[in-house]
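Novice: Once you've had a glance at the structure underneath, I'll fire off some questions.
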Amino acid sequence: MPIMIWIAVVVEAGIQNWIDFGILLFIQFANASIGFYEITKAGMYSALLQFERKRSSKTSRLKRSQHTHSHIHTHTNTHTHTHTQR
């Protein structure tokens, strides 16, 4: 669609219809500005989501690690206690 508007801009300039030429240029630049804004905004949200995902995965690994270490200590203490009774 933008290519069709650019063709229309060239045609309007060729026939020297400056009002339509200006309107079409405005449409093109408005479209480009909105597209740039949306891409920039999407990039920021993508970076935020990646950060949150990394943070939550580190938290999950830390919780699993703490759970594993507490299980090992519990098992070791129980095992040691059994040997002490004999």
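Novice: Order the peptides 3-10, 31-38 from the highest to the lowest mean number of other Cβ atoms within 10 Å of their residues.
Specialist: By packing density, highest mean first, the sequence is 3-10, 31-38.
Novice: I've got another one for you. List the residues, sorted by chain then number, that are 5 or more residues from N17 or on another chain and whose placed amide H is less than 5 Å from its amide H.
Specialist: So N17 has HN proximity to no qualifying residue.
Novice: Ok, one more. Can you work out ³J(HN,Hα) from phi for every residue in region 29-43, in order, using Karplus 6.51 cos²θ - 1.76 cosθ + 1.60 and θ = phi - 60°, giving whole Hz and x for Gly and Pro?
Specialist: 3J(HN,Hα) across region 29-43, in whole Hz: 5, 5, 4, 5, 5, 5, x, 4, 4, 5, 5, 5, 5, 5, x.
Novice: On a full-extension model of 0.36 nm per residue, what is the gain between A13 and I27, subtracting their alpha-carbon distance, rounded to one decimal in nm?
Specialist: The span from A13 to I27 would gain 3.5 nm if fully extended.
Bear in mind these aren't lab numbers, they're just calculated from the coordinates by the rules spelled out. Here the structure is a predicted model, which is why all the values come from computation and not from measurement. Virtual Cβ from ideal backbone geometry, glycine too; neighbours counted across all protein chains shown.
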